[in-house]
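The values are calculated or read from the model by the stated rules, or taken from the named source; none is laboratory data. These numbers come from a predicted model, not from an experiment. All Cβ positions, even for glycine, are placed from backbone atoms using ideal geometry, and neighbour counts span all protein chains on display. Note: areas computed on protein heavy atoms with side chains; ligands, DNA, RNA excluded. Shrake-Rupley method; radii C 1.70, N 1.55, O 1.52, S 1.80 Å.
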Number of protein chains: 2
Amino acid sequence: MGKPSIPKGTRDFLPKQMAGRNYIFNVVKRVFKNHGFLQIETPAIENLNTLTGKYGEEGDQLMFKILNRGDKFKRAINDGLQKETDFSELALKYDQTVPFARFVVQNQNEITFPFKRYQIQPVWRADRPGKGRYREFYQCDVDVVGSDSLLCEVELIQIYNEVLSALSIPNYTIKINNRKILFGIAEVIGEEDKIIDITITIDKLDKIGLEKVNEELLSKGVASDAVAKLQPIIKLSGSTFEKINILKQFLSESQTGLKGIEELEFVLDFIKKMNLEKSLDLDVTLARGLNYYTGIIFEVVCEGFKGSICGGGRYDGLTDQFGLKGMGAVGISFGADRIYDVLLEKDLFPEDAMQGLQVFFVNFGQREASYIFPLLSKLHKKNISSEIYPSSAKMKKQMSYADSKGARYVVLVGSNEIESGLISVKDMKNGIQEEIRFEDFLNKL
Amino acid sequence: MGKPSIPKGTRDFLPKQMAGRNYIFNVVKRVFKNHGFLQIETPAIENLNTLTGKYGEEGDQLMFKILNRGDKFKRAINDGLQKETDFSELALKYDQTVPFARFVVQNQNEITFPFKRYQIQPVWRADRPGKGRYREFYQCDVDVVGSDSLLCEVELIQIYNEVLSALSIPNYTIKINNRKILFGIAEVIGEEDKIIDITITIDKLDKIGLEKVNEELLSKGVASDAVAKLQPIIKLSGSTFEKINILKQFLSESQTGLKGIEELEFVLDFIKKMNLEKSLDLDVTLARGLNYYTGIIFEVVCEGFKGSICGGGRYDGLTDQFGLKGMGAVGISFGADRIYDVLLEKDLFPEDAMQGLQVFFVNFGQREASYIFPLLSKLHKKNISSEIYPSSAKMKKQMSYADSKGARYVVLVGSNEIESGLISVKDMKNGIQEEIRFEDFLNKL
């Protein structure tokens with residue numbers, strides 16, 4: 001067997017990385033809880049038919065499917081079946097949102113609506129791996145289901161701001177748009193049936209530029225006069241206020257489009273009262289690839305990092321497909337992995353995120369160890385992290401181990417110390433060494 | 001589409017269940033950290049060849065394999081391939097231990113040995129689902145790799161005791177045995193090559209009884225005189241001291257067997273000094289199904305619950321297979337899902353495990369809401385969980401929502417309150433209602 005490896009796009013997390021990740025998760029959780037959101041979890045595995053068709057064609061392709069086992073597998077082989085879906089009935093989660101919609105319908109009698117929940121779990125996408133793009137990554141999702149109120153959007157913008165400033169994310173911008181505006185635009189240019197294609201293409205503006213966007217629109221069958229009409233929208237600029245005025249005119253014939261504007265104005269009005277409007281940017285090229293969004297959508301970017309670090313939006317009616325009609329729903333998601341990369345790159349992890357060992361006992365042999373074990377028990381009872389080296393290895397080796405654990409105190413208990421009843425404690429922060437009774441040391445900590 | 005469902009053997013966790021689970025995880029983590037263990041994570045997905053052959057034949061069958069996608073899938077179909085392994089290169093984790101061994105080898109230059117780590121993640125087994133047996137379940141593993149010292153076993157027994165008593169698990173027993181003793185037994189009866197079969201069969205004693213164990217041993221090709229010789233061992237009883245004496249005689253011709261006894265005696269001696277020996281029970285029928293154990297093994301059972309709630313043991317040399325020789329390793333695992341079932345059944349969750357909402361604001365309309373949002377910000381800054389109902393629904397509906405969230409205080413801010421500058425606060429614990437300035441309320445909390 002060759003060198004061990006892990007699947008591409010997946011990662012091991014070493015203790016230091018875990019400490020950084022836990023720091024992010026703890027901030028996120030604290031803010032979610034403060035806002036009255038409750039934690040749930042859904043399985044990593046879902047029935048394939050729960051997930052297929054919810055994310056567009058690309059999503060169906062990039063989903064990790066579980067191979068049928070035993071008899072089911074043999075039957076597919078013997079019957080000469082040839083499609084991937086003939087060999088699979090289960091898939092790994094592609095995001096938290098669709099499984100959450102399934103969860104809400106399945107558990108509707110156990111929960112009170114509006115239901116505010118958060119969820120911090122991994123998802124899997126067989127995307128081409130790259131910087132900030134993994135095949136297994138964590139999403140921290142926070143959603144409200146069972147309410148049409150735009151106050152939910154307002155609260156989620158607050159949450160963006162609270163989390164991102166608690167994490168000291170530098171110069172972030174919450175891009176905001178409304179799928180209704182995009183639909184209105186498609187309507188005005190007479191291409192209602194191509195709305196998904198149009199939004200997906202517009203979404204690429206930053207990546208491929210205006211010319212390629214126009215080419216792609218034409219190649220996707222959007223009429224050339226429609227593409228021409230679309231130009232002022234794609235090139236829209238100015239302040240949020242100016243943009244809204246241009247959009248109002250452009251969309252004057254589209255009821256849906258105007259509704260989209262009205263929703264945005266309501267939210268912006270509230271946000272202004274809380275002095276959070278500087279964090280927002282109306283971006284009409286923002287579309288979000290996923291099929292299920294219906295209203296206001298979000299994406300967060302920050303200085304010096306390519307790609308978004310958060311996403312989200314309103315997805316009314318997603319539960320319809322699972323048999324529960326008329327449910328309003330909106331949520332946002334923090335990309336923990338990308339936020340981690342930002343914090344690491346900009347050295348923004350606080351020093352105490354990685355807490356070291358408090359007390360390390362050098363091991364001089366079995367007799368000393370059996371004297372020390374009960375002392376360790378007392379330390380553990382007081383939640384003081386402490387350990388003894390598992391064997392009486394050379395001092396140098398033991399000290400370098402203590403160092404790697406970031407030990408604050410190194411304690412020596414040899415036969416002299418056992419006789420005298422005093423232990424020898426070295427404070428590794430200031431180098432001071434003292435002889436002290438164990439009970440006094442314990443009280444001092 | 002019919003009623004939504006999830007794959008058999010998997011579960012959704014509602015907020016109340018999550019609170020219980022988090023309570024368990026927090027206790028476990030606290031104890032692990034106290035002992036100087038550091039957290040890591042490995043991906044849910046591993047390369048199939050990392051996992052196959054490590055868990056015995058049953059393990060290979062019960063592993064969830066990921067279906068190859070796109071061209072790889074088509075090639076297998078076109079080439080008429082017929083084995084499950086022709087259609088898969090990846091699998092879901094079956095336990096934490098084998099991926100951990102892979103992790104250690106792959107990251108050996110980043111870690112200091114002995115490496116003490118813990119890991120709390122789900123694993124997947126396509127086992128027949130049943131009470132306490134799930135297809136996706138969490139393992140809380142704590143291991144030391146890079147040490148042969150039996151002090152590691154001693155520390156792990158301490159950890160068992162600290163966690164299980166912190167969780168108030170009733171009358172638990174830590175069953176202990178040694179694979180070396182089992183190997184010695186196989187050697188004495190002249191069936192060294194059947195050790196795995198023998199241990200797996202002996203492991204079933206509790207389930208199928210002595211007669212069936214003997215039948216199964218014979219059917220697996222163990223000679224009848226060997227089965228006869230084995231009887232005193234399978235039926236071994238008495239105190240730990242008595243058992244050890246019988247074993248010493250039985251194993252007098254087996255060097256490995258005697259080494260196993262010696263190891264047990266060392267550990268028992270230490271444990272006795274810490275007055276923990278009552279929690280231990282030497283059980284020579286304990287074998288543990290997994291292939292990789294080499295030394296002392298553990299399993300924990302508790303009163304009123306069928307099946308084990310924890311497992312573990314020494315597995316020296318597991319990293320050999322990934323290219324790192326001579327590594328001692330030992331670890332234990334807490335079955336969070338079974339522990340949850342025990343705590344639930346016996347009503348052992350502490351009352352404060354499920355913390356409710358602290359402050360709920362009734363929503364009387366948009367004007368009041370925009371007055372309340374900045375107050376909420378102030379509460380959130382002080383980490384006081386608080387929310388406003390997202391719409392001005394009927395009072396009854398809002399109050400029943402507040403109730404479902406376990407709200408401690410319900411706050412009314414109508415136009416009167418806005419004018420007077422006082423808010424109306426009802427303490428839901430004692431029913432007392434008062435008019436109070438918001439700042440005073442904030443300070444009171």
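Give the residues of region B:1-50 that are aliphatic (A, V, I, L, M), touching a strand residue (DSSP E or B) at 6+ places or on another chain (Cβ under 7 Å) and either more than 7 Å from chain A (Cβ to nearest Cβ) or part of a helix (DSSP H, G or I) (or both), sorted by residue number.
First, pick out the residues of region B:1-50 that are aliphatic (A, V, I, L, M): B:1, B:6, B:14, B:18-19, B:24, B:27-28, B:31, B:38, B:40, B:44-45, B:48.
This time we only want the ones that are touching a strand residue (DSSP E or B) at 6+ places or on another chain (Cβ under 7 Å), so: B:6, B:18, B:28, B:38, B:40, B:44-45, B:48.
Correct list: B:M18, B:V28, B:L48.
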(request) Please state which one of A:F305, A:F349, A:F361 is within 30 Å of A:V410 (Cα to Cα) and either modelled with pLDDT under 90 or assigned by TED's automatic domain parsing to the domain that holds A:S391 (or both). (result) A:F361
(request) Read through the list (1) of a type outside the set (D, E); (2) open to solvent by 10 Å² or more (accessible area, probe 1.4 Å); (3) over 33 Å from the mean Cα position of the chain (by Cα), then give the number of the only condition that B:G356 fails. (result) (3)
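Take region A:220-236 and flag every residue that is part of a loop (DSSP other than H, G, I, E, B) and closer than 24 Å to A:E153 by Cβ. Step through it out loud before you land on a result.
Looking only at region A:220-236, we keep the residues that are part of a loop (DSSP other than H, G, I, E, B), and these are A:220-223, A:235-236.
Listed by number, the list holds a single entry, A:L236.
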(request) Could you grab me the full set of residues in region A:389-410 that are more than 7 Å from every other protein chain (Cβ to nearest Cβ) and either touching a Cys at 6+ places or on another chain (Cβ under 6 Å) or open to solvent by less than 60 Å² (accessible area, probe 1.4 Å) (or both)? (result) A:Y389, A:A393, A:Q398, A:M399, A:A402, A:G406, A:A407, A:Y409, A:V410
(message) Among the residues in region B:51-71, are any more than 9 Å from every other protein chain (Cβ to nearest Cβ), open to solvent by less than 10 Å² (accessible area, probe 1.4 Å), of a type in the set (A, V, I, L, M, F, W, C) and within 24 Å of B:R288 (Cβ to Cβ)?
(response) yes
(message) Cβ-Cβ under 6 Å, sequence separation 6+ or interchain: first residue in region B:262-277 and under 21 Å from A:H380 (Cα atoms) and at the interface with chain A (Cβ under 9 Å from one of its Cβ atoms), partner of a type in the set (V, I, T) and surrounded by 16 or more Cβ atoms within 10 Å (Cβ to Cβ). Which pairs?
(response) B:F270/B:V154
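Quick check on region A:173-185. Is at least one of its residues at positive phi and touching a helix residue (DSSP H, G or I) at 6+ places or on another chain (Cβ under 8 Å)? Please lay out each step first, then the result.
The initial filter retains those residues of region A:173-185 that are at positive phi, namely none.
So far as region A:173-185 goes, no, none of its residues is at positive phi and touching a helix residue (DSSP H, G or I) at 6+ places or on another chain (Cβ under 8 Å).
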(message) I'd like to know if region B:309-327 contains one or more residues that are open to solvent by less than 20 Å² (accessible area, probe 1.4 Å), within 14 Å of chain A (Cβ to nearest Cβ) and part of a strand (DSSP E or B).
(response) yes
(request) Filter region A:114-154 down to the residues that are farther than 19 Å from A:F298 by Cα and facing chain B (nearest Cβ under 8 Å), then identify the one that is surrounded by the most Cβ atoms within 10 Å (Cβ to Cβ). (result) A:W124
(request) Being assigned to a helix (DSSP H, G or I) and open to solvent by less than 90 Å² (accessible area, probe 1.4 Å) is the filter here, so list the residues in region A:73-96 that pass it. (result) A:F73, A:A76, A:I77, A:E84, A:T85, A:D86
(request) Return the total of residues in region A:259-294 being at pLDDT 95 or above and in contact with a Gly (Cβ under 7 Å, 6 or more places away or on another chain). (result) 2
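In region A:357-445, which strands (runs of 3 or more DSSP E) lie fully inside it and hold 1 or more residues that are free of Cβ contacts under 8 Å to residues at least 40 places away in the same chain and closer than 25 Å to B:A166 by Cβ? It would help to see each step written out before you state the result.
On the way: elements: A:359-361, A:386-388, A:409-412, A:422-427, A:433-437.
Of the strands (runs of 3 or more DSSP E) lying wholly inside region A:357-445, those with at least 1 residues that are free of Cβ contacts under 8 Å to residues at least 40 places away in the same chain and closer than 25 Å to B:A166 by Cβ span A:386-388.
Out of region A:373-388, which residues are over 36 Å from the mean Cα position of the chain (by Cα) and either surrounded by fewer than 22 Cβ atoms within 10 Å (Cβ to Cβ) or farther than 15 Å from B:I271 by Cα (or both)?
Matches in region A:373-388: A:F373, A:P374, A:L375, A:S377, A:K378, A:L379, A:I388.
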(message) touching a residue at least 40 places away in the same chain (Cβ under 8 Å), more than 10 Å from every other protein chain (Cβ to nearest Cβ), touching an Asp or Glu at 6+ places or on another chain (Cβ under 8 Å) and open to solvent by less than 70 Å² (accessible area, probe 1.4 Å): which single residue out of B:I332, B:I339 fits that description?
(response) B:I332
(message) Please pick out the residue among A:E215, A:E242, A:E265, A:E253 that is surrounded by fewer than 16 Cβ atoms within 10 Å (Cβ to Cβ), of a type in the set (D, E, K, R) and outside any helix (DSSP H, G or I).
(response) A:E253
(request) Please work out which residue is nearest to the other protein chains (Cβ to nearest Cβ), limiting yourself to region A:163-182 and to residues that are surrounded by 21 or more Cβ atoms within 10 Å (Cβ to Cβ) and in a helix (DSSP H, G or I). (result) A:V163
(request) Answer with yes or no whether B:R30 is surrounded by fewer than 22 Cβ atoms within 10 Å (Cβ to Cβ) and in contact with a Phe, Trp or Tyr (Cβ under 7 Å, 6 or more places away or on another chain). (result) no
